[in-house]
Amino acid sequence: MKSIINYIRRDEWSPYVAGALLGVVGILSVWISDSLLGASGAFENLAGMVGDHIAPAKFDNLYFNYIMPPGITWGVYLLVGMFFGGMLGAATSGTLKWGKKSAFNSDEQWKSIFGEQVWKRWVLAFIGAIILEYAAGIAGGCTSGLAISGGMLLAPAAFLFIGGMFASGIVTALVIYRRRY
Amino acid sequence: MSTHVTALVLGVFFGFSLNKAGLTKYHKIVNVFRLTDLAVLKFMMTALVVSMTGVYAMRGLGWVTFPHVPATYIAGNIIGGLIFGVGMALSGYCPGTCAAGSGEGKLDYLIPGLLGFLVGAGIYGLTYQKVFPSISKIANKGSIVIPDAWNISPHLTVLFFALMSLFLFYLIDRVGLHRKESVS
């Protein structure tokens, strides 16, 4: 029992143990909720809600009316749960960053490659996030909703997406790390 | 209401697993693309083996029917994946790991990340009609799954995927199939 508690408290688990846990969550999602895990769709629902407030005429289109209607959907609840799941995970290992200086630029490797500047990290992360969400729209989902959820159903879409993601991820890392790759 | 509680609880375990796998760290994501740390790959493939075994066993027993299967439209799935990889290597996260990392209190996840997703989602929704129909009509196969579409036994397909994953894990962990880290 004590060794189990100690394992839970570890900062990092074996990826096999953590992966098996996610696998079980994926099964339960289909079994209990008849739903697939996902993340990018929830941002579409939320963006529709924000859009209705700031530019209702523009957001009154086919996409936000029929394809991804605004609202607090099942996926949004899942996303909120993920937020607290990350919090819980970090709390058990004592690695929460709330209120700490390192919260602004959270990764040592990033700093050693690109420097300490917070603005640089935030600009690249912001651009990266826009690209990620747009790409998830085109592909039909993200790493959660397409790669994991589609993959577990053996949808070819998932494996095409994973192949594309690794190919361009490797090339992009080569370009930005250059000789430090 | 109860379905929303279920979603919250599933989300907590999902985010917890991402945190424990280390996927809420920039370097874990980028290093899988540098091929120096393949934890992301091991995590994803383990999750796939476990979940596909479970859902196909339950479908075989008649306990579940699959929810809406993500559609296969070959060009769009690949092009989307190609663009997605660029964003992932730049930011070091994906939408799910960013949500979990935000909960940990990482402000470079919480602010530029979540804001970026909202902006990206808005731009996508506003340009959807110009972009999506033309890409998704290329080689559109609809909501198919490999065993049904290719008429092969689902159990053999799952077994094949599991054995392939185990072989890959063996190559990575025992044979040492990854690049050595050069960044200190």
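Residues are listed down the side, and each one gets a yes or a no for (1) within 30 Å of B:Ala57 (Cα to Cα); (2) crowded, with 17+ Cβ neighbours inside 10 Å:
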{"residue": "A:Trp98", "(1), (2)": "no, no"}
{"residue": "A:Trp110", "(1), (2)": "no, yes"}
{"residue": "A:Ile113", "(1), (2)": "no, no"}
{"residue": "A:Glu116", "(1), (2)": "no, no"}
{"residue": "A:Gly128", "(1), (2)": "no, yes"}
{"residue": "A:Tyr134", "(1), (2)": "no, yes"}
{"residue": "A:Met152", "(1), (2)": "yes, yes"}
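Would you check if A:Gly23 is facing chain B (nearest Cβ under 7 Å) and either closer than 16 Å to B:Thr97 by Cβ or crowded, with 16+ Cβ neighbours inside 10 Å (or both)? I'd like the intermediate steps shown before the answer.
Values: facing chain B (nearest Cβ under 7 Å): yes; either closer than 16 Å to B:Thr97 by Cβ or crowded, with 16+ Cβ neighbours inside 10 Å (or both): yes.
Criteria met by A:Gly23.
For (1) closer than 18 Å to B:Gly92 by Cα; (2) at pLDDT below 95; (3) part of a helix (DSSP H, G or I), each residue gets a yes or a no:
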{"position": "A:Ala125", "(1), (2), (3)": "yes, no, yes"}
{"position": "A:Ala129", "(1), (2), (3)": "yes, no, yes"}
{"position": "A:Glu133", "(1), (2), (3)": "yes, no, yes"}
{"position": "A:Leu146", "(1), (2), (3)": "no, no, yes"}
{"position": "A:Ser149", "(1), (2), (3)": "no, no, yes"}
{"position": "A:Leu154", "(1), (2), (3)": "no, no, no"}
{"position": "A:Phe161", "(1), (2), (3)": "yes, no, yes"}
{"position": "A:Val171", "(1), (2), (3)": "yes, no, yes"}
Practice task
Return the total of residues in segment A:98-134 being more than 7 Å from chain B (Cβ to nearest Cβ) and acidic (Asp, Glu).
Solution key: 2
Exercise for the section: Looking only at segment B:70-78, decide whether some residue is of a type outside the set (A, V, I, L, M, F, W, C), in a helix (DSSP H, G or I) and at the interface with chain A (Cβ under 7 Å from one of its Cβ atoms). Expected result: yes
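For segment B:16-33, how many residues meet the condition of being facing another protein chain (nearest Cβ under 7 Å) and either buried (at least 24 other Cβ atoms within 10 Å of the Cβ) or under 29 Å from B:Val69 (Cβ atoms) (or both)? Give the steps one after another, and end with the answer.
Restricting attention to segment B:16-33, the residues satisfying the condition of being facing another protein chain (nearest Cβ under 7 Å) are B:16-22, B:24-27, B:30, B:33.
If we keep only those that are either buried (at least 24 other Cβ atoms within 10 Å of the Cβ) or under 29 Å from B:Val69 (Cβ atoms) (or both) too, we end up with B:16-21, B:24-26, B:30, B:33.
Looking only at that region, the number is 11.
Which of the following residues is over 22 Å from the mean Cα position of the chain (by Cα) and surrounded by 13 or more Cβ atoms within 10 Å (Cβ to Cβ): B:Tyr128, B:Tyr124, B:Tyr109? Working first, answer last.
Details: B:Tyr124 fails: over 22 Å from the mean Cα position of the chain (by Cα); B:Tyr109 fails: over 22 Å from the mean Cα position of the chain (by Cα).
Every option except B:Tyr128 fails the conditions.
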Practice task
Please find, among B:Thr53, B:Thr36, the residue that is surrounded by fewer than 22 Cβ atoms within 10 Å (Cβ to Cβ), touching a Lys or Arg at 6+ places or on another chain (Cβ under 6 Å) and more than 7 Å from chain A (Cβ to nearest Cβ).
Solution key: B:Thr36
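From the list B:Phe43, B:Phe13, which residue is among the aromatic types (Phe, Trp, Tyr), without any contact (Cβ under 8 Å) to a residue 40 or more places away in the chain and surrounded by 22 or more Cβ atoms within 10 Å (Cβ to Cβ)?
B:Phe43
Can you tell which of B:Val49, B:Val32 is part of a helix (DSSP H, G or I), within 30 Å of B:Val131 (Cβ to Cβ) and not assigned by TED's automatic domain parsing to the domain that holds B:Leu90? Outline the logic, then answer.
Values: B:Val49 fails: within 30 Å of B:Val131 (Cβ to Cβ).
On inspection, the qualifying residue turns out to be B:Val32.
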Exercise for the section: Mind listing whichever residues of segment B:1-19 are closer than 23 Å to A:Thr95 by Cβ and of a type in the set (Ser, Thr, Tyr)? Expected result: B:Ser17
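If we only count helices (runs of 4 or more DSSP H) wholly inside segment B:90-157, which ones have 1 or more residues that are among the hydroxyl-bearing types (Ser, Thr, Tyr)? Walk me through it before giving the result.
Values: elements: B:95-103, B:107-110, B:112-136, B:146-149.
Because the criterion is at least 1 residues that are among the hydroxyl-bearing types (Ser, Thr, Tyr), the helices (runs of 4 or more DSSP H) in segment B:90-157 that meet it are B:95-103, B:107-110, B:112-136.
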Practice task
With the condition kept exactly as written, say whether any residue in segment A:28-36 is over 15 Å from B:Phe14 (Cα atoms) and buried (at least 17 other Cβ atoms within 10 Å of the Cβ).
Solution key: no
Practice task
Would you confirm whether any residue within segment B:143-152 is in contact (Cβ under 8 Å) with a residue 60 or more places away in the chain, loosely packed, with under 13 Cβ neighbours inside 10 Å and not acidic (Asp, Glu)?
Solution key: no
Problem - Condition check for A:Gly141: facing chain B (nearest Cβ under 7 Å), in a helix (DSSP H, G or I) and either closer than 30 Å to B:Pro147 by Cα or under 18 Å from the mean Cα position of the chain (by Cα) (or both) - result: no
Problem - Test for A:Thr172: is it outside the structural domain of A:Ile27 (by TED's automatic domain parsing) and over 21 Å from B:His68 (Cα atoms) - result: yes
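The values are calculated or read from the model by the stated rules, or taken from the named source; none is laboratory data. Since we're looking at a predicted model, the values are computed, not measured. Please note: Cβ atoms are built from the backbone with ideal geometry, for glycine as well, and neighbour counts cover all protein chains shown.
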